[in-house]
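Here the structure is laid out as structure tokens; the discussion comes afterwards.
The values are calculated or read from the model by the stated rules, or taken from the named source; none is laboratory data. Keep in mind that this is a model prediction, so the values were computed, not measured. Cβ: placed from backbone, ideal geometry, glycine included. Neighbour counts: every protein chain shown.
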Amino acid sequence: MFRHRNLSCLFFCYCFFCFGIWLQAQSLELPYGTMQTKVTTACTECHSSRIIVQQRLSKGAWTKEVDKMIKWGAVVEAADRDSFIEYLSTNFPPDKAPDPMPRTSKKP
Amino acid sequence: MISRRHFLKYVSAAAVGSGLVQPLLTWAVSQEGLYIPGEDGMIVRSDRFIDLETPAEFLNSWITPVPHFFVRNHMHEPSTLDADTWQLSVRGEVGRPLTLSLAELHNFESHSVTNTLECAGNGRAFQQPHVPGIQWQKGAVGTAKFSGPRLRDVLQSAGVKPTGRHVIFRGLDEVPGRVPPFIRSVPVEKAMEEDTLIATQMNGLPLTRHHGFPARALVPGWIGAASCKWLTEISVAEKEFDGNFMRPGYRYPNHPLKPGDPLNVDDSHVLDSLNVKSIITSPGDESNVQSRLIHIRGAAWAGEAEVVKVEVSTDCGATWQPAQLGRERARYAWRLWRYSWKVPKSGAYSVWSRATDSKGRTQPETPEWNPSGYLYNAIDQVKVNVQAS
């Protein structure tokens, strides 16, 4: 009985982690964080978040990208600029493994 | 009740165990389809705007089928494209400005060019340190037969003045936000070459929407960005266009940079012809092979130059063997190649390929780094695990 409960707990935890990995790999949503909504709103006004999640950049490179996008019309309040850079460089740093990309299908 | 200690132990074990499923999930996500009309099995680098990469294993044919041809968009595709109302204007430094309908464009003699088109950023994902942009690996490249009037016939019809030194292309791309419009130019000498086209067909059929319907520029041997899609205006000018996609975009440093250094725009030039490059299309990277005889296949191209040889190494570059070049060839098209390798014994191997062109250029082991990851052309490598008795 005790052993079954232990196995159930292990299985539950395993599924939980797998589900998390699946969501991360599959989802178009940007990672959770205090800036998630603001970054999503500002960036996906013009392009898919897939363009963001495939980048692996240093903080310096993210700073250039954020400033370029602001110049090109991304709506980012001045007070949020540094938090945008922090959020993007924390979630998409150079040493993170690449995310898988889906393929197109012939039929809807 | 499970103790806290046991719970933490199980959480840790599950976390470690779930790490094993990452490769499986990677495969599963890559198998899951995202429907984009006209595109089949392509890697979705972006779905808005659309950027699709061809998986390397699809690049085993001399002509790349349109549903397998990479798609590179800098911004949104035109929301309305009507062949009946579409017009192409020719203006600027010309004696007789023109406005052509599609039917009038078709009155010019049609010419066909088989051309290898490659995005300047192909291979960007392999640059170290990483650089921003679409993270293309091997497949932002393909070869197709493009057909349509010669650009020079249309320009001569408009009468280019001696002051006209550059030809500017403008497409109907829809610009988001304050992004600069996608406008680029080529020198008049390239525009007047016999193989530079206003292409209306690709592999014998009208261009599809993703590839620039109803007409695109085709600047053979040059980076893909030179061949503007959804062409609507050709303007002849005295000077090279200097908008964003000519400066600072699509420029290459005049002198090698240290990885991480910024581009000095004043010490750089606009990209034109493609580099010498080969890729291995089969076997795939990290593949398991159950035979002692492996047919290694690939493609090699060199922009405006000619591929003169492709070599293969199975001992990490210590020795190189010549590959056999395919018979199909055209001035601006890639050469397919193959090499049959008798594997001495089972084990893990790294297979390398490198091409050399008629200008004497050979693919380097370490590519020149640049801040936009352009013209990546390092020796290609795949890892193969041979298990044969």
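Listed values, structure above:
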{"item": "All positions within the range B:230-250 that are farther than 20 Å from B:G92 by Cβ and without any contact (Cβ under 8 Å) to a residue 60 or more places away in the chain", "result": "B:P248"}
{"item": "Residue that is surrounded by 19 or more Cβ atoms within 10 Å (Cβ to Cβ) and in contact with a strand residue (DSSP E or B) (Cβ under 6 Å, 6 or more places away or on another chain), where the choices are B:A158, B:A125", "result": "B:A158"}
{"item": "Any hit, the range B:130-148, residues being of a type in the set (K, R), more than 19 Å from the chain's Cα centre (by Cα) and closer than 23 Å to B:Q201 by Cα", "result": "no"}
{"item": "Subset of the range A:89-105 that is touching a Ser or Thr at 6+ places or on another chain (Cβ under 9 Å) and more than 30 Å from B:D40 (Cα to Cα) - its residue that is nearest to the other protein chains (Cβ to nearest Cβ)", "result": "A:P94"}
{"item": "Top-ranked residue of the range B:34-87 - restricted to ones that are in contact with a Lys or Arg (Cβ under 7 Å, 6 or more places away or on another chain), within 23 Å of B:F182 (Cβ to Cβ) and aliphatic (A, V, I, L, M), ranked as farthest from the other protein chains (Cβ to nearest Cβ)", "result": "B:L81"}
{"item": "Hey, B:Y376 assigned to a strand (DSSP E or B), surrounded by 17 or more Cβ atoms within 10 Å (Cβ to Cβ), of a type in the set (S, T, Y) and modelled with pLDDT of 95 or more or not", "result": "no"}
{"item": "For B:P214: the one exception among (1) touching a residue at least 60 places away in the same chain (Cβ under 8 Å); (2) out of contact with any helix residue (DSSP H, G or I) (no Cβ under 6 Å at 6 or more places or on another chain); (3) part of a loop (DSSP other than H, G, I, E, B)", "result": "(2)"}
{"item": "Residue match in the range A:69-84 (condition: without any contact (Cβ under 8 Å) to a residue 60 or more places away in the chain, polar (S, T, N, Q) and away from every other protein chain (no Cβ under 12 Å))", "result": "yes"}
{"item": "Any hit, the range B:175-194, residues being in contact with an Asp or Glu (Cβ under 7 Å, 6 or more places away or on another chain) and either part of a strand (DSSP E or B) or surrounded by 21 or more Cβ atoms within 10 Å (Cβ to Cβ) (or both)", "result": "yes"}
{"item": "Strands (runs of 3 or more DSSP E) completely within the range B:76-154 that count 1 or more residues being under 22 Å from B:V66 (Cα atoms)", "result": "B:110-118, B:141-149"}
{"item": "The range B:34-58 residues that are over 20 Å from B:E174 (Cβ atoms), paired with ones that are at pLDDT below 90 and outside any strand (DSSP E or B) (beta carbon under 6 Å, 6 or more apart)", "result": "B:Y35/A:P108; B:D40/A:K106"}
{"item": "Residue in the range B:46-71 that is modelled with the lowest pLDDT, counting only those that are buried (at least 18 other Cβ atoms within 10 Å of the Cβ) and farther than 30 Å from B:Y339 by Cβ", "result": "B:F49"}
{"item": "Residue, surrounded by the fewest Cβ atoms within 10 Å (Cβ to Cβ), within the range B:217-254, restricted to residues that are in contact with a helix residue (DSSP H, G or I) (Cβ under 8 Å, 6 or more places away or on another chain) and part of a strand (DSSP E or B)", "result": "B:P253"}
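For every residue, the table says whether it meets (1) surrounded by fewer than 15 Cβ atoms within 10 Å (Cβ to Cβ); (2) among the aliphatic types (A, V, I, L, M); (3) more than 22 Å from B:I223 (Cα to Cα); (4) touching a residue at least 60 places away in the same chain (Cβ under 8 Å).
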residue	(1), (2), (3), (4)
B:S278	no, no, no, yes
B:I296	no, yes, yes, no
B:W301	no, no, no, yes
B:E304	no, no, no, yes
B:T319	yes, no, yes, no
B:R327	yes, no, yes, no
B:L336	no, yes, no, yes
B:K345	yes, no, yes, no
B:V351	no, yes, yes, yes
